[in-house]
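Working notes, structure below.
The values are calculated or read from the model by the stated rules, or taken from the named source; none is laboratory data. Bear in mind that the values here come from a model prediction, so they are computed numbers and not experimental data. Cβ: placed from backbone, ideal geometry, glycine included. Neighbour counts: every protein chain shown.
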Amino acid sequence: MPDSAERKVHRVRRAPFVVIGVFLLLWFVGITLDEPGRVMEQAIQTCLSCIGIG
Amino acid sequence: MGFVRKWVQIIFGFLMNGYWGFPFSRSLYQGPLKVICAPGLNCYSCPASTTYCIIGSIQQLLANVRLSLDAGQYYFGLYVVGSAGILGGLFGRMICGWACPFGFIQELLHKIPSPKYRIPRVLRFGKFFFLVVFVILLPLFALDQFGAGEPWFCKYICPAGTLEAGLPMLGLQPSLQAGLGFIFLNKLVIMLGFVVWSVLSSRPFCRMVCPLGAFYALFSRVRMVRLRWDKENCVRCGACHPVCPMGVKFDESPDDMDCITCMKCMTKACRFDAIYLEVGGIPLRAGRTLARPNPAPVRPKI
């Protein structure tokens, strides 16, 4: 059998790039809606209900 | 590889919990890094935390989505889901194996000598229940009289929050002890239960409960970095089964949703080059399938 026939051909998969692209779009939309600011507000405060106190 | 992974876990643990001024400030880190998500499960109310928790943030945004809309603010969680989805598309549950502090804690606990028990495979679907019900539906639809929901998973379940945030905050701010009640007791019991269970079984929280793991599991077939199985080289010896910390039988389920790409099967078990790492469809190995013909594997004597 020729050498080339024994080799496997591997192609770059498109699916991960499509998935990452879709979520990158969501991420950008979230930024345009000023969501990071809201996330920041939540994250810098102790969330008592989050840790089961109060 | 195990040595490298352990150090990566330690480094990520410190990166996500790198604020060591908390014993003096007695408060959380409030700097700009808190706008970046922690890739693993790491409570953002932990006093040392430098990043936000994906699961905590999405619950807070969904719980208050009506109030936000009333105020003309469109906070649907797209930034948080987008961040998590980018990580999922790149690494999937590899994050659980390499960058999750709570996963690392469970691994350390499992090293304690004791009888070890398997976890029934059917229980692994539990994490999807917690993702859908406790992280999405209940915060979105179980509302108080003001139209606000609650972070149900954080409040009633999350043992990482109890361990990393609840107990340290009680030590830092003793005044919080006045607010202790049944909810905290319930969470404490859950946390202690998982601590004990982690000694007896490998990563029980990751396999059965973790909603972030459930989200990343959705990317098992489409993620950029993953382990692949070469069926021509595989002799079905089953050596990859007992080494897997997540109970995956890699030769039977190569795209398994629970594979955390710890690579134990590849580096510690398989002697036939039947498991390899792939990035975007391109295999990362010495090149048996690309550069030179595949040598006949040595078959075991049966």
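Before moving on, here are some points about what is shown:
- Considering the stretch B:182-202, and only residues there that are crowded, with 21+ Cβ neighbours inside 10 Å and touching a Gly at 6+ places or on another chain (Cβ under 6 Å), the residue that is farthest from B:LEU170 (Cα to Cα) turns out to be B:LYS187.
- The one condition in (1) in a loop (DSSP other than H, G, I, E, B); (2) facing another protein chain (nearest Cβ under 8 Å); (3) of a type outside the set (Asp, Glu) that B:LYS34 fails to fulfil: (1)
- Residues satisfying the stated conditions in the stretch B:2-32, i.e. surrounded by fewer than 17 Cβ atoms within 10 Å (Cβ to Cβ) and either touching a strand residue (DSSP E or B) at 6+ places or on another chain (Cβ under 8 Å) or more than 30 Å from B:LYS111 (Cβ to Cβ) (or both): B:GLY21, B:PHE24, B:SER25, B:ARG26, B:SER27, B:GLN30, B:GLY31, B:PRO32
For every residue, the table says whether it meets (1) touching an Asp or Glu at 6+ places or on another chain (Cβ under 8 Å); (2) within 14 Å of chain A (Cβ to nearest Cβ); (3) more than 22 Å from B:SER45 (Cβ to Cβ); (4) among the aliphatic types (A, V, I, L, M).
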{"site": "B:GLY72", "(1), (2), (3), (4)": "no, yes, yes, no"}
{"site": "B:ILE86", "(1), (2), (3), (4)": "no, yes, yes, yes"}
{"site": "B:GLY92", "(1), (2), (3), (4)": "no, yes, yes, no"}
{"site": "B:TRP98", "(1), (2), (3), (4)": "no, no, yes, no"}
{"site": "B:GLU107", "(1), (2), (3), (4)": "no, no, yes, no"}
{"site": "B:LEU163", "(1), (2), (3), (4)": "no, yes, no, yes"}
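- Listed here are the helices (runs of 4 or more DSSP H) enclosed by the stretch B:121-233 that have at least 2 residues being β-branched (Val, Ile, Thr) and at pLDDT 95 or above: B:182-200.
- Candidate set: the stretch B:56-70, residues that are among the hydrophobic types (A, V, I, L, M, F, W, C) and more than 10 Å from chain A (Cβ to nearest Cβ); chosen: the one nearest to the chain's Cα centre (by Cα): B:LEU62
- Residues of the stretch B:269-302 satisfying the condition of being modelled with pLDDT of 90 or more, exposed (fewer than 14 other Cβ atoms within 10 Å of the Cβ) and not in a loop (DSSP other than H, G, I, E, B): B:ILE282
- Qualifying positions in the stretch B:234-268 - assigned to a loop (DSSP other than H, G, I, E, B) and of a type in the set (S, T, N, Q): B:SER253, B:THR261
- Conditions (1) under 17 Å from the mean Cα position of the chain (by Cα); (2) more than 25 Å from B:LEU277 (Cα to Cα); (3) of a type in the set (Phe, Trp, Tyr); number of the one not met by B:PHE102: (2)
- Residue within the stretch B:80-90 that is out of contact with any Lys or Arg (no Cβ under 6 Å at 6 or more places or on another chain) and assigned to a loop (DSSP other than H, G, I, E, B) present: no
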